[in-house]
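The values are calculated or read from the model by the stated rules, or taken from the named source; none is laboratory data. Here the structure is a predicted model, which means the values were calculated and not measured. Methodologically, a virtual Cβ is constructed for each residue, glycine included, from the backbone with ideal geometry; neighbour enumeration extends over all protein chains shown. Note: areas computed on protein heavy atoms with side chains; ligands, DNA, RNA excluded. Shrake-Rupley method; radii C 1.70, N 1.55, O 1.52, S 1.80 Å.
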Amino acid sequence: MTSINLYKQFLGLLLIFPLLLSAGVTGKITGIVVDAGTSEPLIGVNVIIDGTGIGASTDIDGYYNIIGIPPGSYSIRASYIAYSLTILTDVKVMVDLTTEANFNLQPEVLEGSVVTVVARAPTVRKDVTSTSYRVGAEEIEALQVENLSDLINLQAGVVEGHFRGGRSGEVMYIVDGIPINDSYSGDVPLDVENDMIQAMEVISGTFNAEYGQAMSGIVNIVTKEGQDYLKGRVSSYFGDFLSNHNDVFNHINEVNPMAINSIQFSLSGPLPMLFNIPANFSMLFRRYSSQGYLFGEQLFLPSDSSNFNDPDNPYVEQTGSGEVVALAPLLRETVQGKLTYKLYAKGKLNISGYYQSKAYRDYDRSFKYNPEGNYQRVSSSYRASLQFTHLFSAASMITINGSSGLTEYGQYVYEDWEDPRYAPLWYSSGTGSNGFSTGGMRMWQHRRSNQDNIGKIDFTSQVTKNQKIGAGVSLKQSNLWLHEFWFYFDENNKVIQPPDSSWYNNSYRHKPIEFSAFIQDKLELGEMIINAGLRYDFFDPDAFIPINFDDPRHSVLRQAATSAQLSPRLGIAYPITDLGVIHFSYGHFFQIPAYEHLYINPDFEVSLIQIEGDQPPRGRFNAMGNAELQPQKTVSYEIGLKQGLTQNLTIDVTAFNKDIRDLIGMEVHDDIFGGRYFRFINRDYANVRGITVAFEQRQTPGGFGFGIDYTYQSATGNSSDPNEEWIRQQVNPPIESEKKRVILDWDQTHSLNLSATTTQAGYRISLIGKMGSGLPYTRSSARYSNRIYNGEREPMTLTLDFNIAKEVEIAGLNLSPYIKITNLLDRKNTKDVYDSSGSAEFDFDMNFQTYRGIKTQEEFYMRPDFYYEPRKILVGFAVGFGGPS
């Protein structure tokens, strides 16, 4: 199918589907209005949601429903002739869920009398058919977490971004109905700041048909809209790591109060009317800087050279300043904003914009004393979105979304590859591969950009009292560009960039297309809820592949085939008691592999010689992409019970299973010239199963709230890494590939999460704890032959974070000083270990190696980056102003 034909199909579907609200950004309110004395239903009662202009009238049964309500807390008023106006306050609306709001109207005794009732959230939501976690702005503020990722990693079954045993990159992040993942890598290029989040939903179980391009989970974020009053907040904090582990973390005892600092400003409110159109805005700016916890010293510059061939008389050129240098610093700047135009009574337009830039380095122990020789990494991401919503009635609505995003990334030592500070390759080889760098630098330059344009139309209608149907279509086209090359100095010390025909110089541009359509049906059959859906996905990679794999470089090419698939989804929730619900869900989930695996090595080159030096930034030597990679597939199902133990305490027990197929791996090819290359194919598989037990205590005014969850999980498969076959071939002799099920690298058998919040005497206090059993590793060594894949376990991890803030009102300002302490116990939590020893601090294999270079062999093999962060203390303040009058 050509791109032109696909566009025609999309335009045709625009005419077929009525327009809708974007899936996954609103909820529904429904209820019954009766006479308080007789319990008879009242017909024609006007039910209005304050501040929105949205409302409905009751039918012959006293029933009403209102769809398309943004998440948040609302007041609802019911008015009827001869009855007192009744206002129901604190009604919570959540994304994709139904909130019940019933009214008992009192006959009016005094004219103008008003009855106000505070709504009580249900103990158990009875229309939740799979495992999900929903949190609003108030809960985020109570937890006082620093970043969005801290919230996500608190969820049951989530281990450092892996949802229920899936590989990294299998989670889709959605902001205001628009997916924001970088198609090239699968990473998330934009960090939505906590103060801009109105509601967030984390789905780690199965999910409805409106969600695609994810196999393990969904993070669905709805950002704040401005209100009819001015409100602002300025916050700032500063701090540093404060640890006793000076033996591992160099210079950690040299405290710098400004080593970590953040300043943030947010403002929202009304805008002056334009053409009599009411408008509101919300915006945020944040600048965050961190030196990290890994430090070195600038003893050498890249222009220095050394020679250790004669250990008794080495030559060392050392011109560095000797200053302490952060080896993994980060500077991040963020601007986010949203304009809301209420075009008419039933029409609304949201215009959103996001910008984020990052400048950072990743830790590389080789450059501990020559830090300037390591790569700089810079990225910038932009996204602009339009969302138009129209309500045909209280029961039907439409949203049209259009969005354009651009992500740019660069990785280099110096931005200009002809920069005179670059030095010949031999400057970096003075100490070999097992010693600290005393000169030279990394020699690759890598740049890429990805622009995507997305159009979405969704339609939702409450067809009957018991049935809601949604349908939608989406089209996404990416414009992916990449150029990377390795360069060298010739015999005349002239900088040379390899020709385009070389494996060491790669560039491409592709414009792949993704198209999807879905239909989702929600049936409310009395007490039972059924969510049933079907999704269609189509992908055109816009690329060519070789016909002859014996000589791919000179082979005739053919157009890569397109792919398509259908994904059925089913979820059921059935109450078994007033406070108990059984839920079951099942679904097929597909995900196109990250584009980098489709397009790497675009000219299908095979190099016979690997030049000494580092690997390309996003690839492996002689790795080759495959534009005909099929979507990876997960078949997932779960069954669970959520039971209210009291009005505020619940328990949720859920068992789950995931069968994963067509994961990408590599196959080995030998070409006719004797070169060996590694081509990505769909070959790997995995299975994840487990059980989660979670307790949740809802916080009451002046009381405590907490959540405790335990997950037992087993994640097995034939491979943890798409590049594993390449890795096996690099040792001598190569390790034979085995098609058997083994424990995956991120298999954390036991995990326990705790979060507790309270407000006492104006103090907001939160305590967050995480405990996990050790991750697996393969015990191996040049002197150790009993190699069992992932047969050993690293030490367990344990962290405890403490946050406290004080609320003070002065002259109309809300002042809030606060303290945040992460890893309160300053525990050394292992992130990685040496395969030979099971330790992060020494390598048995070093006893069989000859060490060349400065410092000691013991220091070189001490790996502070094999540990998570030590204790971190942040001190800050926030000033809030404005708000409803």
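Summary table below
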item: Answer residue from the range 30-62, given it is in a loop (DSSP other than H, G, I, E, B) and β-branched (Val, Ile, Thr) and is farthest from residue 179 (Cα to Cα) among those; result: 38
item: Qualifying positions in the range 188-203 - assigned to a loop (DSSP other than H, G, I, E, B) and either crowded, with 23+ Cβ neighbours inside 10 Å or out of contact with any strand residue (DSSP E or B) (no Cβ under 9 Å at 6 or more places or on another chain) (or both); result: 189, 192
item: Single unsatisfied condition, residue 233 versus (1) part of a strand (DSSP E or B); (2) open to solvent by less than 10 Å² (accessible area, probe 1.4 Å); result: (2)
item: Criterion (closer than 30 Å to residue 623 by Cβ, in a loop (DSSP other than H, G, I, E, B) and either at pLDDT below 90 or over 29 Å from the mean Cα position of the chain (by Cα) (or both)) met by exactly one of 727, 735; result: 735
item: Residues that are surrounded by 14 or more Cβ atoms within 10 Å (Cβ to Cβ) and not in a strand (DSSP E or B), drawn from the range 549-573; result: 549, 551, 552, 553, 555, 560, 562
item: Selection status of residue 862, at pLDDT 85 or above and assigned to a loop (DSSP other than H, G, I, E, B); result: yes
item: Filter result for the condition that a residue is closer than 16 Å to residue 441 by Cα, hydrophobic (A, V, I, L, M, F, W, C) and open to solvent by less than 60 Å² (accessible area, probe 1.4 Å), over 301, 294, 284, 330; result: 301
item: Within the range 312-361, tally of residues that are more than 30 Å from residue 281 (Cβ to Cβ), at pLDDT 95 or above, in contact with a helix residue (DSSP H, G or I) (Cβ under 9 Å, 6 or more places away or on another chain) and not β-branched (Val, Ile, Thr); result: 4
item: Some residue of the range 67-87 being within 18 Å of residue 123 (Cβ to Cβ), among the small types (Gly, Ala, Ser) and surrounded by fewer than 18 Cβ atoms within 10 Å (Cβ to Cβ); result: yes
item: Selection within the range 484-507 - crowded, with 17+ Cβ neighbours inside 10 Å and part of a strand (DSSP E or B); result: 484, 485, 486, 505, 506
item: Residue in the range 375-424 that is nearest to residue 57 (Cα to Cα), counting only those that are in a loop (DSSP other than H, G, I, E, B) and charged (D, E, K, R); result: 415
item: Qualifying residues in the range 163-186 (those that are assigned to a loop (DSSP other than H, G, I, E, B) and over 21 Å from residue 455 (Cα atoms)) - the one most open to solvent (accessible area, probe 1.4 Å); result: 168
item: Residue within the range 15-29 that is at pLDDT below 80, assigned to a strand (DSSP E or B) and within 42 Å of the chain's Cα centre (by Cα) present; result: yes
item: Residue in the range 586-593 that is without any contact (Cβ under 8 Å) to a residue 60 or more places away in the chain, under 24 Å from the mean Cα position of the chain (by Cα) and open to solvent by 20 Å² or more (accessible area, probe 1.4 Å) present; result: yes
item: Evaluation of residue 427 against (1) modelled with pLDDT of 90 or more; (2) in a helix (DSSP H, G or I) (one fails), failing number; result: (1)
item: Residue check, residue 809 open to solvent by 40 Å² or more (accessible area, probe 1.4 Å), outside any strand (DSSP E or B) and out of contact with any Gly (no Cβ under 7 Å at 6 or more places or on another chain); result: no
item: Where residue 102 falls short, out of the listed (1) touching a strand residue (DSSP E or B) at 6+ places or on another chain (Cβ under 6 Å); (2) farther than 20 Å from residue 31 by Cβ; (3) of a type outside the set (Asp, Glu); result: (2)
item: Subset of the range 632-691 (residues that are touching a Pro at 6+ places or on another chain (Cβ under 8 Å) and at positive phi); result: 662
item: Candidates 55, 62, 51 - the one that is surrounded by 16 or more Cβ atoms within 10 Å (Cβ to Cβ), under 38 Å from the mean Cα position of the chain (by Cα) and within 27 Å of residue 398 (Cα to Cα); result: 55
item: Qualifying position, being open to solvent by 60 Å² or more (accessible area, probe 1.4 Å), touching a residue at least 40 places away in the same chain (Cβ under 8 Å) and among the aliphatic types (A, V, I, L, M), among 873, 819; result: 819
item: Top-ranked residue of the range 128-162 - restricted to ones that are of a type in the set (Gly, Ala, Ser) and either closer than 16 Å to residue 756 by Cα or outside any loop (DSSP other than H, G, I, E, B) (or both), ranked as most open to solvent (accessible area, probe 1.4 Å); result: 149
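Here is a yes/no grid of residues against (1) open to solvent by less than 60 Å² (accessible area, probe 1.4 Å); (2) part of a loop (DSSP other than H, G, I, E, B):
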site	(1), (2)
309	no, yes
312	no, yes
320	yes, yes
336	yes, no
354	yes, no
358	yes, no
362	no, yes
